[in-house]
Amino acid sequence: MSTPREPGAPGTDSGASAGSGTAAPPDAPFEETPWRRLDPRTLLVHCGWMAAPLGSLALTALATGGRINTEAWITLAAISASFAVLTTLGLIRWARTEFRITVPRRGAGAGGTSPTFDVRSGLLTRRLRSVPLHRIRTVDLTATPVHRVLGVTVLRAGTAGSGDGSSELSLEALAVPEAERLRTELLAYADAEAVANDPVVARINWRWLRYAPLTFWVIGGVFVVAGGAYRALDGIGIQAWKLGFVQRAFTEFGAGALWLTIPAALLVILALGSVGAVVLYVENWWSYCLEWTDSRTLRVRRGLLTTRAVTIERARLRGVVLREPLLLRAGGGALVRAVAGGLGNREENRKRSGLLPPAPRAEALRVAGGTLRSPFPGSAAPAALTPHPRVALRRRRVRGLLFVVLPGTAVLAGLGAAFTPVLLHCAWIYALVTTALSLWLARDAYRNLGHGLDGPYLVARSGTFSRDTVALQRDAIAAWTFSTSPFTRRAGLVTLTAAVAAGEDGYRIPDLPAADAPGFATTAAPGILDEFLVHPGPAPVPGQRSR
């Protein structure tokens, strides 16, 4: 058995634990529970790293007609040696990684004890991590294509205070049925009372695929893939820009009429990006289902090649974000993300917090309300929220002119004066187009600004390239941050940030009137700013000298 623990201890790390065959004493507060091991296929998962170097060697041999030079043989020998070392270490790690769930012994008089999840691992230094089940907030099952082929998955249990990932327990890898049973065991102590309404909040609707191209990746994804392909070819010694068909393509592109070739190239990029966006949408959201497994547990299941099942405890759900990127908003769509604790660091939180893929805005509002178990605050028109002063619109216009219009116009004008008058025409065209675009975006950003209180929720809306409406539980706000700059102080504005131990850790309300911000923060979360506020004292008595 493991080293003794104090009843109710939040967790234990041990440098050297005893063997697992010792019998428990009769008065032990915990029942004897056998240790379980990872699936033996874990060793095959660790061999997945060989795909990249072996694939590089294969491409090199293919590009050189089967001739492998001395450097390639040295690389192959290094891969073989690394395989032997890593396989041995993986075998030892597999043999020395064990886990179990301990349950308090009935009638043992162990007041204050609670069921725990124990993970014992380590190569040279043995480590025992023991976490009470009531502190486990999320259970995530993730399977990459390699895991899917082998029939295994990775289980990650997020605990309270695991925002940086340091308190997360991870087991790689378990057989899928075993992982499902373990997740059920970890969540067995949650309240299993059936919910009053339909537990299924949303399922995938393939008509939503029309929203897939209305994202940044429809254009940016093409350049990301092209850059990755260039780096891969460069890594195996192939210079893509020297290939014959690439040089011929550039020559024909430059020889053609630019007013035809440039739009044609943009259409090709949009077509490729749209296909890639649809494929990525299907991969990420295949078999999507958002459901309440019980009255306290929300679960999201999705994925085709890489499957993901994220479980969020209702007590850790602090709100939701209705996100409307510019293109998606133009198409009448939106997506929903959770504001919840225990989802890992910032990068992991972005992967796990998704509750709804790009879908119709009406569906997004319904899912957001189903997640909160109440109508989504801020679902009305933007005018329902408190607008911000007109000086915020002026600031956005000035920033657009100073940081977008002026630099580009100056560069084109300078190059035109130095080299060719054609660039002078490009300068005034650029200035005209970007000025109109900047003024329109500034107007849109200002109209999207708004804040207010709706029952137990703080509602804030901002952004133009991505208009985000966050509904945040007021009792979850832990601190306030007031941010100003010389320009905002002159304009009488302040940016108010609500700090919460969930989601992105802080949610901004930009460009509030400086005189109204303290009062709004005090009303939204009473008690935080009391010691910093100066209240007016009693009126002075006439004729009495003030000190």
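The values are calculated or read from the model by the stated rules, or taken from the named source; none is laboratory data. Since the structure is predicted, the reported quantities are computational estimates derived from the model, not experimental observations. Note that we place each Cβ from the backbone using ideal geometry, even for glycine, and neighbour counts take in every protein chain shown. With ligands, DNA and RNA removed, areas are computed over all heavy atoms of the protein, side chains included. Shrake-Rupley method; radii C 1.70, N 1.55, O 1.52, S 1.80 Å.
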Query raised in the report: Only one of A364, A436, A359, A460 is under 32 Å from the mean Cα position of the chain (by Cα), within 27 Å of W217 (Cα to Cα) and in a helix (DSSP H, G or I); which?
Result: A364
Requested in this report: Residue by residue through the stretch 233-246, note down the ones that are in a helix (DSSP H, G or I) and open to solvent by 60 Å² or more (accessible area, probe 1.4 Å).
Outcome: D234, G235, W241, K242, F245
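Every residue, every condition in (1) surrounded by fewer than 17 Cβ atoms within 10 Å (Cβ to Cβ); (2) at pLDDT below 95; (3) in contact with a Gly (Cβ under 9 Å, 6 or more places away or on another chain), yes or no:
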residue: R443; (1), (2), (3): yes, no, no
residue: V494; (1), (2), (3): no, no, no
residue: A524; (1), (2), (3): no, yes, no
residue: R547; (1), (2), (3): yes, yes, no
Query raised in the report: (1) touching a Gly at 6+ places or on another chain (Cβ under 7 Å); (2) touching a residue at least 60 places away in the same chain (Cβ under 8 Å); (3) in a helix (DSSP H, G or I); (4) not polar (S, T, N, Q): which one isn't true of L423, the others all being true?
Result: (2)
Requested in this report: Quick one: count up the residues across the stretch 502-513 that are closer than 30 Å to R399 by Cβ, open to solvent by less than 50 Å² (accessible area, probe 1.4 Å) and in contact with a strand residue (DSSP E or B) (Cβ under 6 Å, 6 or more places away or on another chain).
Outcome: 7
Report task. Return the only residue of L453, L432, L441 being free of Cβ contacts under 8 Å to residues at least 40 places away in the same chain and over 15 Å from H388 (Cβ atoms). Result -> L432
Query raised in the report: If you go through the stretch 472-530 one residue at a time, how many are in contact with an Asp or Glu (Cβ under 9 Å, 6 or more places away or on another chain) and assigned to a helix (DSSP H, G or I)?
Result: 3
Report summary line: Residue hits (the stretch 379-390; part of a helix (DSSP H, G or I) and either modelled with pLDDT of 95 or more or of a type in the set (K, R) (or both)) are none
Query raised in the report: How many residues does the stretch 224-251 contain that are β-branched (V, I, T) and at pLDDT 75 or above?
Result: 2
Report task. Would you point out which residue out of G333, G342, G319 is small (G, A, S) and closer than 17 Å to A157 by Cβ? Result -> G342
Query raised in the report: What are the pairs, 6+ residues apart or on separate chains, where a residue within the stretch 214-234 that is among the β-branched types (V, I, T) has its Cβ under 9 Å from a residue that is at pLDDT below 75 and part of a helix (DSSP H, G or I)?
Result: T215/G221; V224/W217
Query raised in the report: Do we find that L449 is surrounded by 13 or more Cβ atoms within 10 Å (Cβ to Cβ) and out of contact with any strand residue (DSSP E or B) (no Cβ under 6 Å at 6 or more places or on another chain) in this structure?
Result: no
Query raised in the report: Which pairs have Cβ atoms under 8 Å, sit 6 or more apart or on different chains, and link a residue in the stretch 459-478 that is over 19 Å from T523 (Cβ atoms) to one that is polar (S, T, N, Q)?
Result: S462/N448; G463/N448; T464/N448; R467/N448; D468/S462
Report summary line: Being farther than 30 Å from R361 by Cα, at pLDDT below 80 and open to solvent by less than 50 Å² (accessible area, probe 1.4 Å) narrows G165, G161, G221, G151 down to just G165
